[in-house]
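The values are calculated or read from the model by the stated rules, or taken from the named source; none is laboratory data. Bear in mind the structure is a predicted one, so any value in this text is a computation, not a measurement. Ideal geometry is used to build each Cβ from the backbone, glycine not excepted, and the neighbour counts take in all protein chains shown.
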Amino acid sequence: MMEMVAAMVISGTIGWLVVVSGRPVTQVVFWRCAFGAAVLLAVCAAKGYLKPGTLNRRQLLLAVAGGVAIVANWLLLFSAYAGASISIATAVYNTQPFMLVALGAVFLRERLTLAKLGWLLLSFGGMLLIVQARPGAGAPHGDYLVGILLALGAAFFYALAAIFAKQLKGTPPHLIALIHVMVGTVMLLPMAVSSELPSGLVPWATLTTMGVVHTGLMYILLYGAIQKLPTHLTGALSFIYPIVAILVDRLAFGHQLHPAQLVGAMLILVAAAGMTLGWPWRKPAAMLEAEVRAEAEGKSSM
């Protein structure tokens with residue numbers, strides 16, 4: 001649990017570093033991938049994951065495709081901060097469970113239940129409240145709606161990466177993460193080479209931290225926790241990430257959500273939690289029977 005909590009707290013602070021770095025998004029993601037690859041390469045080598053034959057051709061192609069999706073996800077999410085703020089972008093980004101359900105229904109023929117549709121409608125209601133609201137106090141001066149659309153695009157690509165990951169059961173997750181960041185390094189290398197290198201202590205400190213801590217260390221903590229925790233607890237603790245991101249945005253940049261934005265964000269997070277943790281809309285029959293029995297016993301004792 002401590003590993004999972006630490007991973008989510010680290011994830012919740014990455015938006016602050018992206019903004020503080022002052023660098024273009026493509027450069028931020030490139031250096032995150034490059035520094036993260038160095039850490040994960042050492043970890044995979046120590047664990048013996050780099051031996052020939054660990055991955056077959058199909059697994060390698062799926063991991064590379066997932067890497068493309070993850071890099072697109074980071075590019076879109078970090079770009080969303082400039083228009084919709086870290087808080088709103090993070091809240092909207094947490095529609096990813098619904099993207100995953102939709103993609104699972106289309107590509108994996110997974111069953112779409114009434115409960116899942118109910119959570120989807122609740123999330124949609126939260127989205128409408130956020131879209132109709134104005135940017136909050138302290139929010140960046142940018143295109144609010146564009147920021148929301150970028151966050152939705154980031155959620156879609158994250159769900160797409162999860163679909164690819166589902167086809168890689170049994171593959172070491174640290175190795176998958178290494179392939180993802182190596183793909184990102186190669187993809188963004190031409191842009192990084194053609195643009196001016198960062199200068200000064202703050203940009204390099206933030207970029208290095210994002211690569212070493214928010215990518216390398218975070219993945220190690222996250223996968224270490226996932227391997228030890230039950231699924232429902234992993235899902236529950238994952239919601240520490242958006243809460244930390246919203247608090248950091250408020251404390252670091254003074255971004256205050258309007259009431260409609262706050263309610264919309266809460267609806268999305270509750271709906272995402274309900275979807276992830278499988279909360280029922282109605283009380284199970286056994287629970288209802290127990291309540292009726294307790295009420296009857298209470299009346300008979302009076």
*asked:* Test of understanding: among W16, W31, which residue is among the aromatic types (F, W, Y), under 14 Å from V181 (Cα atoms) and in contact (Cβ under 8 Å) with a residue 40 or more places away in the chain?
replied: W31
*Among the residues of the range 221-228, is any in contact (Cβ under 8 Å) with a residue 60 or more places away in the chain, closer than 22 Å to P97 by Cβ and touching a Gly at 6+ places or on another chain (Cβ under 8 Å)?*
no
*Identity of the residue in the range 179-200, modelled with pLDDT of 90 or more and in contact with a Phe, Trp or Tyr (Cβ under 8 Å, 6 or more places away or on another chain), that ends up surrounded by the most Cβ atoms within 10 Å (Cβ to Cβ)*: G184
*Could you tell me whether A91 is farther than 20 Å from T185 by Cα and in contact with a Pro (Cβ under 9 Å, 6 or more places away or on another chain)?*
yes
*Can you tell me which residue in the range 43-59 is surrounded by the most Cβ atoms within 10 Å (Cβ to Cβ), limited to those that are in contact (Cβ under 8 Å) with a residue 40 or more places away in the chain and part of a helix (DSSP H, G or I)?*
C44
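Enumerate the helices (runs of 4 or more DSSP H) found wholly within the range 91-195, keeping only those where 2 or more residues are under 22 Å from H232 (Cβ atoms).
Qualifying helices (runs of 4 or more DSSP H): 96-107, 114-132, 144-166.
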*asked:* Please determine whether any residue of the range 237-256 is at positive phi and in contact (Cβ under 8 Å) with a residue 40 or more places away in the chain.
replied: yes
*Assess whether A38 counts as being over 19 Å from A192 (Cβ atoms), in a helix (DSSP H, G or I) and among the aliphatic types (A, V, I, L, M).*
no
*Please find, among L40, L76, L62, the residue that is buried (at least 20 other Cβ atoms within 10 Å of the Cβ) and either of a type in the set (D, E) or closer than 25 Å to I243 by Cα (or both).*
L76
*In the set I86, I70, which member is buried (at least 22 other Cβ atoms within 10 Å of the Cβ), modelled with pLDDT of 95 or more, in a helix (DSSP H, G or I) and under 19 Å from the mean Cα position of the chain (by Cα)?*
I70
